[in-house]
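Here's the structure, in structure tokens; my notes come after.
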Amino acid sequence: MFVKNCWYVAGWAHELIDGALLGRTILNERILFYKGENDSVVAMEDRCCHRGAALSLGRLEGNNVRCMYHGLLFNSAGTCIEVPGRDAIPPSFKVPTYPVEVQDKLIWIWMGDPALADKTTIPGFHYLSQPEWVGEPGYLHYQANYQLMVDNLADFNHVAYVHPTTFGGSPNYVAEHTESPLERLDNGFKVTKWHMNCDLAPFVKKFVKGMGKVDRWNTVRMQMPGYFYLESGFSPAGNGIEKGNMEGAISFRNLQAMTPETEDSTHLFWVYLHNQTENQDLITRSLSASILEGLYEDMPIIELQQKILAKDPGFTLKSMPSDVGLNHMRWLVAQQLKKEQAQAPQRDKDQARKDMVRSEAMAGA
Amino acid sequence: MFVKNCWYVAGWAHELIDGALLGRTILNERILFYKGENDSVVAMEDRCCHRGAALSLGRLEGNNVRCMYHGLLFNSAGTCIEVPGRDAIPPSFKVPTYPVEVQDKLIWIWMGDPALADKTTIPGFHYLSQPEWVGEPGYLHYQANYQLMVDNLADFNHVAYVHPTTFGGSPNYVAEHTESPLERLDNGFKVTKWHMNCDLAPFVKKFVKGMGKVDRWNTVRMQMPGYFYLESGFSPAGNGIEKGNMEGAISFRNLQAMTPETEDSTHLFWVYLHNQTENQDLITRSLSASILEGLYEDMPIIELQQKILAKDPGFTLKSMPSDVGLNHMRWLVAQQLKKEQAQAPQRDKDQARKDMVRSEAMAGA
Amino acid sequence: MFVKNCWYVAGWAHELIDGALLGRTILNERILFYKGENDSVVAMEDRCCHRGAALSLGRLEGNNVRCMYHGLLFNSAGTCIEVPGRDAIPPSFKVPTYPVEVQDKLIWIWMGDPALADKTTIPGFHYLSQPEWVGEPGYLHYQANYQLMVDNLADFNHVAYVHPTTFGGSPNYVAEHTESPLERLDNGFKVTKWHMNCDLAPFVKKFVKGMGKVDRWNTVRMQMPGYFYLESGFSPAGNGIEKGNMEGAISFRNLQAMTPETEDSTHLFWVYLHNQTENQDLITRSLSASILEGLYEDMPIIELQQKILAKDPGFTLKSMPSDVGLNHMRWLVAQQLKKEQAQAPQRDKDQARKDMVRSEAMAGA
Ligand code: FES
Ligand code: FES
Ligand code: FES
């Protein structure tokens, strides 16, 4: 069960170049994405209304997509506008579409009630639109429920044990760093962590030479259901970064957007941005490789955890104080799920949408 | 659920040469096929009555098959005729057999009530027995229900979109060709399509040089549950082929026999015959490769369609006029299924057969 | 469903060298095995009580294991003894452990009620502790229920058909050999087979030259749920081995321990020992290779049998006199299962254990 009335990242905008028909499963629904010749992006059910063939195996024609099984042509609203060899088109020949937007180089989709889709609530990541911040767009596929990935990011203590040689954890991480009280938000939380007079993280050492001890900060904001935002950096130790002195500091911006594919698999769209101007490409590539290395440290733990937990749904997890962030995230999701289920018609919008299409079919058949 | 009281193609006769024990799943039942030294073909359950070992891992001995786990020997009627080291053989030691015939180089099996198995109703494909028609026997395994494959063949309009560069479809195919009214048969349908003054199909162009515009005909007959017969050809345009003038024409005969393996997988036995005498082997091989190329154009569409439809059994398909053939085929199958279910003893012959064996076992044990 | 109140082989002792954390599924439960610095072996649930991460992905620290997700440290009793950055440890922070012993170079685990675990009842295989008996420890993974493997070993007649060129079966095996009446034991059976004046078995011929006709004996003892013990040998024919004359005889000792992994997969721990002193290593390796060859003759039969039987649970097997051993083994297992289910609290010890941990959690949370 997934939260539906919210925006999810469905892909990177560049995945739709050159007339690509992108078929991707989001929240257990197969969806076709494409960009028409008017540059607008379309998301529709990846299933022809005729015999159920995948439209992603079809052909882009201007702003329309043709099913390449028997040739039905659908416009960007999902309406059939051509039946080969026929003049009349039954009004029931329709494929459901989804609200979809491109913002900050990402494709955003709304899987819930279309009437509630409000562009202004797209989480976004404005650094991706700012030329001074650069980084390689990343993607990983996890064989795990997205909430295990949210759990992972919501508890930084795992850095001490999982990432000592990449992100620079150490067994003393918990004792050595200080942090602001976790700020509970309506849709997530925010927390800042300080690590004063410590070593430069391994992934930064690769391209920053001659920096001694540093003061490190991480400002995390998480937004439900699956967004992780990080603003972080390193300043020469004692330079007064905590009072805002950015001189000699090096900064990063990181997004990790977790979009459920199925109940036990997840799309991770991620990027790690820097604003260095010298050796820019080199640093971009180095960062990308380092972060990927770190993600690959998490992945086997999370994927095995998924198997272990799936096998025994009755298993009771034990809570620790450091779970405060993830518990808040899970509570928010649970609240939202309850709210969506309570919404009047007592059935999800999918059913409603299907019922609508079905009754049209009967009328039109 | 499958139609049972009918003949299915179980394999090519040549698959049983040299004492091969062929284990193949047909309609969800594992079956052993072999040819005894008297050249008669046997089909029996591929499961020893002792501890259930696969008889297809056994050994052919004359007309009998020995289970190579503990050595029981079964004759071609499935009766145990030897228990190693014992004189007495319990009468319950039996393995069910199935009516089976070789005809037109194909193995035909009857999965339903043996009392109803009538050799004279074997669909056959007599061109395979006629020396002037030549072609390579083909086989493909589809990860899809057989009815999606029947649907595919019953609606030729897909040729326009799926096979433009192989079988010679074109977006104008629907408009350009004419066809006879579809003739509904008790067990299928028949239709002839004419495409006058068109180009030679790509798969023919490869070996026929110097033929200009042609008149093309396709006479399709489909028989339920899963047979497709095609008689087709190309004649110099305007030569009067529609009045029967075969001068200068080139003809083909095609069989596609679809036999369910499981609910979501299918055996396709196919052959494409020609009657050219010059360059015969070359043409045979060229045809075989071209048709395979065409089948591989259908396969990914059908296999993905299978996944899409299996995921959402409530999805309502929309009908088009061109579905008349496939709808008739599906209706015939549904009628036959209803009929078979209504048959007196209210249980299928498998159950009856098993019950019989089981009660013998009790008596004999 | 498995017998739980008994010892199972969980691995070879040498699998735990050098601080290895061995994660292995036994009776459907994921278990972590390790050897602490005090050389004692530990078996605990391979699931951290915090968020369910696999402890086998953790780190051995002395006699303790640390979960390398967020750093909880557990001692060999499964009690959490360190929470990073915290002083107080909730008493509910525990991971269940299992009675485990090393004996005869094997790791033995008790999956049932710990109160009933009695070391003196470990089946063992004392030849493994005797320096004059040598052989390579073996392991195979079967995709089949363990009972099909027990069936296989409990009926030696299969040697005639499955192993003619390895273990020296022959179609006349049943007629040619004699055997003691099968001795039913409380926990298994015992039987001795004699094969007088026969050929040396192929696997022995490889390294014993110049021995003519032999008298062969096999003394089998099976113990439920899944132990097979064999004492066997070959003596020059007519030398009087049946009266105890061991002069010129060559002897072997074989263990096959079958431990369920899941309902349809099994761990096989096996070893074939000899006591030859000349060419010892050569003979060891030759034996190992030959026996493996024989096991690979059984494996495809058993794994396909598993599929066939799993597909049709209603299938009734037919009994033969040679099934007396396997029927006794299955009856013993069925009796023991009934007994375990009838035990007072009407729920298995797993549930009890989990409930205990769960209620502690509530108290401690
Ligand atoms: S399935 Fe799309 S046109 Fe037929
Ligand atoms: S299973 Fe066939 S003889 Fe035993
Ligand atoms: S899951 Fe083991 S310490 Fe968190």
Selection from the stretch B:138-167 of residues among the hydroxyl-bearing types (Ser, Thr, Tyr), open to solvent by less than 40 Å² (accessible area, probe 1.4 Å) and touching a helix residue (DSSP H, G or I) at 6+ places or on another chain (Cβ under 7 Å) yields B:Tyr142, B:Thr166
When you go through B:Gly71, B:Gly78 one by one, which is the residue that is more than 12 Å from every other protein chain (Cβ to nearest Cβ), out of contact with any Cys (no Cβ under 7 Å at 6 or more places or on another chain) and open to solvent by less than 40 Å² (accessible area, probe 1.4 Å)?
B:Gly78
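Just the residues that are open to solvent by 50 Å² or more (accessible area, probe 1.4 Å) and either under 19 Å from B:Leu153 (Cβ atoms) or small (Gly, Ala, Ser) (or both), please, taken from the stretch B:191-211. Steps first, answer last, please.
Going through the stretch B:191-211, the residues open to solvent by 50 Å² or more (accessible area, probe 1.4 Å) turn out to be B:194, B:196-197, B:199, B:205-206, B:209-210.
The answer is B:Trp194, B:Gly210.
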Go through the stretch B:220-253 and report how many residues are surrounded by 21 or more Cβ atoms within 10 Å (Cβ to Cβ), outside any loop (DSSP other than H, G, I, E, B) and touching a Phe, Trp or Tyr at 6+ places or on another chain (Cβ under 6 Å).
2
Could you list all residues from the stretch B:168-183 that are buried (at least 22 other Cβ atoms within 10 Å of the Cβ) and in a loop (DSSP other than H, G, I, E, B)?
B:Gly168, B:Gly169
Among B:Gln103, B:Gln143, which is free of Cβ contacts under 8 Å to residues at least 40 places away in the same chain and either within 22 Å of B:Asn5 (Cα to Cα) or away from chain C (no Cβ under 14 Å) (or both)?
B:Gln103
Any residue that is closer than 17 Å to C:Gly52 by Cα, at pLDDT below 95 and out of contact with any Ser or Thr (no Cβ under 8 Å at 6 or more places or on another chain) - is there at least one of those in the stretch A:162-171?
yes
Between C:Trp133, C:Trp108, which is away from chain B (no Cβ under 14 Å), touching a Leu at 6+ places or on another chain (Cβ under 6 Å) and in contact (Cβ under 8 Å) with a residue 60 or more places away in the chain?
C:Trp133
Flag if B:Ile291 is more than 7 Å from chain A (Cβ to nearest Cβ), crowded, with 20+ Cβ neighbours inside 10 Å and more than 22 Å from the chain's Cα centre (by Cα)
no
Suppose the filter is open to solvent by less than 30 Å² (accessible area, probe 1.4 Å) and either at positive phi or of a type in the set (D, E, K, R) (or both); does B:Asp113 pass it?
no
Check A:Glu101, A:Glu132 and return the single one that is part of a strand (DSSP E or B), open to solvent by 30 Å² or more (accessible area, probe 1.4 Å) and more than 16 Å from ligand 1 (Cβ to nearest atom).
A:Glu101
Within the stretch A:41-65, the count of residues that are more than 10 Å from chain B (Cβ to nearest Cβ), in contact with a strand residue (DSSP E or B) (Cβ under 9 Å, 6 or more places away or on another chain) and of a type in the set (Gly, Ala, Ser) comes to 1
Quick one: would you say C:Gly85 is out of contact with any Leu (no Cβ under 9 Å at 6 or more places or on another chain) and either within 10 Å of chain A (Cβ to nearest Cβ) or of a type in the set (Ser, Thr, Tyr) (or both)?
yes
Among the residues of the stretch C:302-335, which ones are without any contact (Cβ under 8 Å) to a residue 12 or more places away in the chain, open to solvent by 50 Å² or more (accessible area, probe 1.4 Å) and assigned to a helix (DSSP H, G or I)?
C:Lys307, C:Lys311, C:Pro321, C:Asn327, C:Trp331, C:Gln335
So, in the stretch C:220-246, how many residues would count as being farther than 18 Å from C:His163 by Cα and within 28 Å of the chain's Cα centre (by Cα)?
9
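Conditions tested, residue by residue: (1) at pLDDT below 95; (2) within 29 Å of A:Tyr142 (Cβ to Cβ); (3) surrounded by fewer than 24 Cβ atoms within 10 Å (Cβ to Cβ).
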| site | (1), (2), (3) |
| --- | --- |
| A:Lys4 | no, yes, yes |
| A:Arg24 | no, yes, yes |
| A:Asn28 | no, yes, yes |
| A:Ile31 | no, yes, no |
| A:Glu37 | yes, no, yes |
| A:Val41 | no, yes, yes |
| A:Leu55 | no, yes, no |
| A:Asn64 | no, no, yes |
Condition (residue is at pLDDT below 90 and more than 12 Å from every other protein chain (Cβ to nearest Cβ)) applied to the stretch B:184-206: is it met by at least one residue?
no
Scanning for something out of contact with any strand residue (DSSP E or B) (no Cβ under 7 Å at 6 or more places or on another chain) and within 30 Å of B:Leu106 (Cβ to Cβ), does the stretch B:256-270 turn up at least one residue?
yes
What single numbered condition from (1) of a type in the set (D, E, K, R); (2) under 22 Å from C:Thr266 (Cβ atoms); (3) within 14 Å of chain A (Cβ to nearest Cβ) fails to hold for C:Lys94?
(2)
Kindly indicate whether A:Thr192 is touching a residue at least 12 places away in the same chain (Cβ under 8 Å), outside any loop (DSSP other than H, G, I, E, B) and hydroxyl-bearing (Ser, Thr, Tyr).
yes
Of all residues being within 10 Å of chain A (Cβ to nearest Cβ) and among the hydrophobic types (A, V, I, L, M, F, W, C) in the stretch B:160-175, which is farthest from the chain's Cα centre (by Cα)? Just the residue, please.
B:Ala175
Exclusive hit being at pLDDT below 95 and more than 16 Å from ligand 3 (Cβ to nearest atom), set C:Met329, C:Met258, C:Met246:
C:Met246
Which number in (1) closer than 19 Å to C:Lys205 by Cα; (2) of a type outside the set (A, V, I, L, M); (3) buried (at least 18 other Cβ atoms within 10 Å of the Cβ) marks the one condition that C:Thr277 misses?
(3)
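The values are calculated or read from the model by the stated rules, or taken from the named source; none is laboratory data. Quick caveat, the model's predicted, so the values are computed rather than measured. All Cβ positions, even for glycine, are placed from backbone atoms using ideal geometry, and neighbour counts span all protein chains on display. To get the accessible areas, we keep the full protein, side chains included, count just its heavy atoms, and leave off ligands, DNA and RNA. Shrake-Rupley method; radii C 1.70, N 1.55, O 1.52, S 1.80 Å.
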